[in-house]
1. Estimate the FRET efficiency between Thr73 and Thr187 by the formula 1/(1 + (r/R0)^6), using the beta-carbon distance for r and 22 Å for R0, to the nearest 0.05.
2. Tell me the label-point distance for the pair Gln264, Asp244, using the 7 Å Cα-to-Cβ offset, in nm and rounded to one decimal.
3. How far is it, in nm, from the label point at Ala27 to the one at Glu176 when both lie 7 Å from their Cα along the line to the Cβ?
4. Can you pull the three principal axis extents for the Cα set of region 117-248, in Å, largest first?
5. Can you pull the percent of Cα pairs in the chain with separation above 22 Å?
6. If packing is taken as the mean number of other Cβ atoms within 10 Å per residue, what is the order of 11-23, 46-58, highest first?
7. So for region 20-290: antiparallel DSSP bridges make up what percent, rounded to the nearest 5?
8. Could you work out the helix-only [θ] at 222 nm for the chain, with each DSSP H run of four or more residues adding -39,500 (n - 2.57) and the total divided by the number of residues, to the nearest 500 deg cm²/dmol?
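We did not get these values from a lab; they are worked out from the coordinates using the rules stated. These figures come from a predicted structure and were not determined experimentally. Here the Cβ is made from the backbone with ideal geometry for all residues, glycine too, and neighbour counts use every protein chain on show.
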Amino acid sequence: MTNLPVGLREHLAREVPFSTLSLRHEAVAADGTVKALLQTADGRPLEAVLMRYRDGRRSLCLSSQSGCPLTCTFCATGSMRFARNLTAAEIVDQALHFRRTERVDHCVFMGMGEPMLNLDAVLSACERLPDLGISHRHTAISTVGWIPGIERLTECDMPLRLALSLHAAEDALRSELMPVNERYPLTEVLDACRRHYERKRRRIFVEYVMLAHINDRYEQALALARLLDPSVYKVNLIPYNPTDSPYRGSSRQAIATFRAVLEQHGLATTVRLTRGREIDAACGQLAARAA
Ligand code: SF4
């Protein structure tokens, strides 16, 4: 807008900022994945990722919080200090950051933070995402199993997809990996998910990060298969992006065997493509380094 006087332009930039976020760093991986390290006006770091797929899909992974108050032991975000919940505008501005340069059509809340701890802002952002080209049906909200949030999503009129980060099929190991399990144990979480399915009739995605010699054994696959009703759940196995945590990712062979067991028991199972590994694309890796 060079047709406006410089003084007015400066005044507008100050008083009516283009975005609530500023870009601190952006990295593009060989597979086309773009990861943006963004910052709020009060200096809080957060990340957003654009994943480009061969079939043309353009999927965003958005953050709901800067840092995270939960402390999942395999997660880079969990190891950094929790700053605060993001506002709805800060969530929408992550999507707009990418939408300014290309079309986007899918979105998952699997970036930094637990979306159910900031559900008002997340749902408010979801109401606006269709204006950017992302329908409610193409939007998924992921949770560690925060039951009050699952229940609110069950009552919500928007047809949003629920994703559950499970990562273990028994309470002792799950509590070790995700201390929130002490508060909301597995059976109660799965009961809430079943009620969600009965109301919404849309299958729930189970996210299961594959950690070598921790949760990837044959008998653990069997336990998971027995736990999950194939008519309610689809499983997405996630190869682990190594962070500074003590865990290592499972081998390809271990992931293939695990998948085969689940499929033999009728569970639809996918293995997530590893995206942007060389640009620290796992949740919180860039921001944890920058914090
Ligand atoms: S996995 Fe999610 S809920 Fe757990 S610490 Fe990381 S961001 Fe928080």
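1. Rounded to the nearest 0.05, the efficiency is 0.50.
2. Once both label points are built, they end up 4.1 nm from each other.
3. Label at Ala27, label at Glu176, 2.9 nm between them.
4. 44, 33, 25
5. 59 percent
6. 46-58, 11-23
7. Roughly 45 percent of the DSSP beta bridges within region 20-290 come out antiparallel.
8. Here the helix-only value at 222 nm equals -9500 deg cm²/dmol.
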